Amino acid sequence: MSETVIQVNHFRKQYGSVIAVEDISFEVNQGEIFGLLGPNGAGKTSTLECLEGLRQPDGGSLRILGIDPVRQPARLKNLIGVQLQSSGLPGSMTPHEAIQFFCAYHGVAPRYDLLERLGLQEKQNTQFSGLSTGQQRRLALALAMAHRPPVIFLDEPTAGLDVPSRIELHSLMSELQAEGTTIILATHDMAEAEKMAHRVAILLRGKIAAAGTPAQLTATGQRLTKISVSSEASCLSVNGTGFPAVNQRVVKDDYSIFYSTNPGQTVSAILSYLENHHDPLVDLRVERPSLEERFLEITSSVAKIGAQP
């Protein structure tokens, strides 16, 4: 069994009269990418900052490799790497100087290779204030990984990144995970979480609304399969067309989209309908619910409960 690296037990964080996080618990194992998902104000960043030792919890206990982030910060510094939403680097500092400084702080040789890997070599002597948002994000990631920590915290790591940079980041995350690094990923990007995370916890209003693997979460709820169909004559777009096991039908562009509780039964009926109406099939797609769709479903349910008197 994998070693438990991070333990969060009945954690609570409050700012004045506002409760940011209320009694949440979860564990993360070695070599796991664990996603913290949720809208702004859900409690993701507060949870990360307390785990990183930047803020003090108001209840419960936090442990990283058995270390209390608040009481033992000196023991924690070489065990974690942190990519914050805002780096706080001096505007005049260059990427070359930043790598030198951070590596010296952690007692390791400068990792100039990371500047090349993350597309910053040509900008290594450019002041931080002169870097684009995406370049600043990539530099923050390089600094988080520079001392090869066993645990890395990524807070919205792909915000402001272009597509090639996002692909490179995901490749790096996969390499780190394969080497045994534990990664906590806080993100708004459901597709990113579904692709990269082994398990996720969805935070809403400071509480864990759902947790599990992306496959487990998308298999629960309404369990509707999305069936998208396009045909030459678009006969399926006619109002009143009904098929077995379909809960909802939407027409979008050249597609008729059906949400089914029994995709096999529905697809069979659709193909028979097309054949009977001499309307050749152009495209047929059968997709399970995405993590984003499941997230929206959970969010809607929580909002309805909160709205009740």
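Could you pull out the residue among Ile183, Ile202 that is under 27 Å from Glu97 (Cα atoms), under 13 Å from the mean Cα position of the chain (by Cα), assigned by TED's automatic domain parsing to the domain that holds His96 and of a type in the set (Val, Ile, Thr)?
Ile183
If you go through the stretch 130-150 one residue at a time, do you hit one that is more than 23 Å from Thr47 (Cα to Cα), assigned to a helix (DSSP H, G or I), β-branched (Val, Ile, Thr) and modelled with pLDDT of 90 or more? So far as the stretch 130-150 goes, no, none of its residues is more than 23 Å from Thr47 (Cα to Cα), assigned to a helix (DSSP H, G or I), β-branched (Val, Ile, Thr) and modelled with pLDDT of 90 or more. Counting residues in the stretch 48-69 that are under 17 Å from the mean Cα position of the chain (by Cα), at pLDDT 95 or above, in the same structural domain as Pro157 (by TED's automatic domain parsing) and under 24 Å from Ala191 (Cα atoms) gives zero. When you check Thr266 against the structure, is it surrounded by 19 or more Cβ atoms within 10 Å (Cβ to Cβ) and without any contact (Cβ under 8 Å) to a residue 60 or more places away in the chain, yes or no? When the stated conditions are applied, Thr266 passes them. Of the residues making up the stretch 166-176, none is assigned by TED's automatic domain parsing to the domain that holds Glu52, farther than 28 Å from Asn247 by Cα, surrounded by 15 or more Cβ atoms within 10 Å (Cβ to Cβ) and polar (S, T, N, Q). Restricting the search to strands (runs of 3 or more DSSP E) fully inside the stretch 4-57 and requiring at least 3 residues that are β-branched (Val, Ile, Thr) gives 4-15, 18-29. Looking at the stretch 205-233 only, could you name the residues that are at pLDDT 90 or above, polar (S, T, N, Q) and surrounded by fewer than 18 Cβ atoms within 10 Å (Cβ to Cβ)? Scanning the stretch 205-233 gives Thr213, Ser228, Ser230.
Taking the stretch 136-150 as the range and being farther than 26 Å from Leu65 by Cα and either crowded, with 21+ Cβ neighbours inside 10 Å or not assigned by TED's automatic domain parsing to the domain that holds Ala98 (or both) as the test, the residues that pass are Arg137, Arg138, Leu139. Within the stretch 13-69, restricting attention to residues that are of a type in the set (Lys, Arg) and in contact with a helix residue (DSSP H, G or I) (Cβ under 8 Å, 6 or more places away or on another chain), the residue that is nearest to Thr158 (Cα to Cα) is Arg55.
For the stretch 267-291, a residue qualifies if it is out of contact with any Lys or Arg (no Cβ under 8 Å at 6 or more places or on another chain), within 30 Å of Ala193 (Cα to Cα) and not charged (D, E, K, R), and the qualifying residues are Val267, Leu284, Ser290, Leu291. From the list Ser87, Ser92, the lone residue that is modelled with pLDDT of 90 or more and either in a loop (DSSP other than H, G, I, E, B) or not assigned by TED's automatic domain parsing to the domain that holds Phe153 (or both) is Ser92. Within the stretch 8-32, the residues that satisfy the criterion of being under 20 Å from Gln216 (Cβ atoms), surrounded by fewer than 23 Cβ atoms within 10 Å (Cβ to Cβ) and of a type in the set (Val, Ile, Thr) are Val8, Ile24. Look at (1) touching a residue at least 60 places away in the same chain (Cβ under 8 Å); (2) surrounded by fewer than 16 Cβ atoms within 10 Å (Cβ to Cβ) and you find that Ser61 fails only one, number (1). For Arg75, the criteria (1) in a loop (DSSP other than H, G, I, E, B); (2) surrounded by 14 or more Cβ atoms within 10 Å (Cβ to Cβ) hold in every case but one, which is (1).
The values are calculated or read from the model by the stated rules, or taken from the named source; none is laboratory data. None of these values were measured; they are calculated from a predicted model. Methodologically, a virtual Cβ is constructed for each residue, glycine included, from the backbone with ideal geometry; neighbour enumeration extends over all protein chains shown.
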